[in-house]
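What follows is calculated from the coordinates using simple rules that are stated; it is not laboratory data. Everything quoted here is computed from the prediction, not taken from an experiment. Every residue, glycine among them, receives a Cβ derived from its backbone with ideal geometry; neighbour counts consider all protein chains shown.
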Amino acid sequence: MFKFIAFSVLVLAVGLVVGFGKENWLLGGPVAALAAVVIVWQINGLLSSEPFLLLSPAGLRLNLDGYVFVDIPWGEVESISSLDLTFLVVRKRWAVYSLAKDQYRDVTALQVSEAFSDETIRPLWRAVERNSGLKRLARIGLATFTLGPNAMSSRLSNIFPARDGKRFVALPHSVLSTNRYRLRSEVEARWRAFGKRTATSVTPT
């Protein structure tokens with residue numbers, strides 16, 4: 001989050017330099033104003049947000065957008081594995097911008113039942129989609145910074161992906177600003193200790 005704020009401060013400085021230094025308010029003024037608004041949003045989100053991921057003996061809690069939270073008991077986790085998730089980014093090459101594919105690699109993924117997904121996750125998914133406009137800008141969560149697999153899909157598609165008819169809860173470590181190995185070991189340790197299923201059902205990767 002501090003990286004985003006630092007970038008916005010840089011844009012604000014450039015806008016002010018253009019506006020005051022070159023007296024070009026038609027360009028510098030709007031840029032500076034937009035950057036200032038974004039900085040206020042980012043600081044407010046940073047100060048008011050709850051952790052994107054919370055691990056406890058009861059299970060794990062995902063902060064999706066600052067308003068909607070998903071609680072997943074350890075007993076609902078059927079296995080733990082790793083997934084590569086594709087997402088869409090904008091890249092620049094020779095002064096030309098284009099859409100390209102990239103991946104979140106070796107993402108810790110918790111398999112849950114389709115029944116749990118239908119009863120618990122899907123209603124909350126729809127609640128996140130309803131939070132739009134200024135309400136969405138007021139808070140931040142995991143879905144705020146997780147990129148979607150393509151331009152038409154929801155960002156939540158990479159948090160709750162499906163593979164071979166199985167439903168997963170993915171924890172993109174890069175979005176959570178942590179090491180993939182540490183994240184998986186912390187999650188597995190709690191699942192082994194507090195989950196109903198035995199550690200032998202951990203899927204090797």
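Odds and ends about this structure:
- Order by protection proxy (mean Cβ within 10 Å, highest first), peptides 156-163, 54-61: 156-163, 54-61
- Annotation: peptides 115-126, 167-178, ranked by per-residue average of other Cβ atoms within 10 Å with the highest first, follow the order 167-178, 115-126.
- A protection proxy built from the mean count of other Cβ atoms within 10 Å ranks the segments 180-192, 68-80, most packed first, as 68-80, 180-192.
- Over all other residues within a Cβ to Cβ distance under 10 Å of Arg61, the charged ones net out to -2, with Lys and Arg as +1 and Asp and Glu as -1.
- Among residues other than Pro51 with Cβ under 14 Å from its Cβ, the summed charge is -2 (Lys and Arg +1, Asp and Glu -1).
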